[in-house]
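Step one of this worksheet: look at the structure below.
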Amino acid sequence: MSDRRMLIVPAELAKKIDDNRGDMSQAEFVNFLVDSQLNQLNQLKKEPKNQQYATREEVYSFEQDMRKLLRSFLDFFINYGLELGKQSPGSEFGELTNKLQGLQKDLESDSDERKATIKWK
């Protein structure tokens, strides 16, 4: 004979169990709910967790890639302006040249040892 125990629950919970159990007995319904919750917990533990945050290496790589992209944009617009023959004032051209040289020095000074890649989906 199975060992039986008494579980005392609030009246609201007993009513909720009775309203939703259908053809099952109260004990079967509670057993079903407990088993389904435990199965869900076990599945969550087995699934690999999605990484929601970027690592330091990924952020550093992204920063370097963005610098390279900005440099290529600056190169393009400077070359485009020169090919059109538009003479820009010397101060603007000198300022752009200084920015490009600064970016180039930053890129050359960074070591490739800390380089990481980002996988885009």
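No value in this document is a laboratory result; all are computed from the given coordinates. Since we're looking at a predicted model, the values are computed, not measured. Backbone-built Cβ (ideal geometry, glycine too); neighbour counts: all protein chains shown.
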Global form of segment 1-72, assessed from the alpha-carbon gyration tensor, a/c cut-off 1.5: prolate
Total charge dipole magnitude, segment 1-79, about the Cα centre, Cβ charges on Lys, Arg, Asp, Glu only, Debye to nearest 20: 220 debye
LEU82 versus VAL9: modelled label distance in nm, points set 7 Å from Cα along the beta carbon direction: 7.9 nm
